[in-house]
Structures are given as structure tokens and as C-alpha cells.
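The values are calculated or read from the model by the stated rules, or taken from the named source; none is laboratory data. Keep in mind the model is a prediction, meaning the values are calculated, not measured. For neighbour counting, all protein chains shown are included, and Cβ atoms are generated from backbone atoms with ideal geometry for every residue, glycine included.
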Amino acid sequence: EEHRQRTIVEHCNDVDELERFHARERAELRAEIRELRSERARAEVDAAIARPVHELRTQLVWQMQSLRKDFAAQLADIARLEGRGGGHGGAQEREAMRDRLEESQAELQAWQE
């Protein structure tokens, strides 16, 4: 009978030890889950921030390319007009084109800053 009681006590102690082990393991797993969720949230925020920056960069590149094309067209028009000489009307047209070119250059400069 005494042996039986000792065996029961040992068994209960083993069960208590196993339960403490499982409780520690559950706590560690919960902490790991919290950390993984936190990492995921940070990654989602980083991705959300990166997306608008990328979109802005893409838009600015497109606008810069558009301005460059406009400059090239305006320079070609000025060169064409200067090559043809022209009378009084050509001088006014050249002046207007130069003004547009200067405005476009100022706009490009503002975008680059």
C-alpha cells in the first residue's frame, strides 16, 4: 500500500512537471506568435510606404520625359524659324517660342529641386 501511494505521488509529480513544461512551451509559442505578427505588421507598413514613393517617382519620371520632349520640340521650332530667316512676323513667332522655352525650363528647374 505504501509503494502504491509513493507511485501515485511520483506520478502526480511527473504530471505536474509535464504541465509546467507545457505551460512554459505555450507561453514561448505565444510570445513567438506575437513577435511574428509584429514583424508582419512592420513589413506591411514598410510596403505601404514604399508603394506611394514608387508611384510618385514614376510620375515624376514621366513628367520629366514629357518636359524634355517639349524642350526638344521647341528647340527644333526655334532652329527651323531661325534657319528660314523670315520677316517681321517670324521674329515675333521666334520671340514667343523663346518665351515658352524659358517657361518650360523654369518649370523643369522647379521639378528638379
Can you tell me which residue among Gln112, Gln74, Gln63 is modelled with pLDDT under 90, surrounded by 10 or more Cβ atoms within 10 Å (Cβ to Cβ), out of contact with any Lys or Arg (no Cβ under 7 Å at 6 or more places or on another chain) and of a type in the set (S, T, N, Q)?
Gln63
Looking for whichever is more than 30 Å from Trp111 (Cα to Cα), part of a helix (DSSP H, G or I) and not β-branched (Val, Ile, Thr) here; the options are Ala96, Ala31, Ala76. Which one fits?
Ala31
Boolean, Ser66 is closer than 30 Å to Glu103 by Cβ and hydroxyl-bearing (Ser, Thr, Tyr)
yes
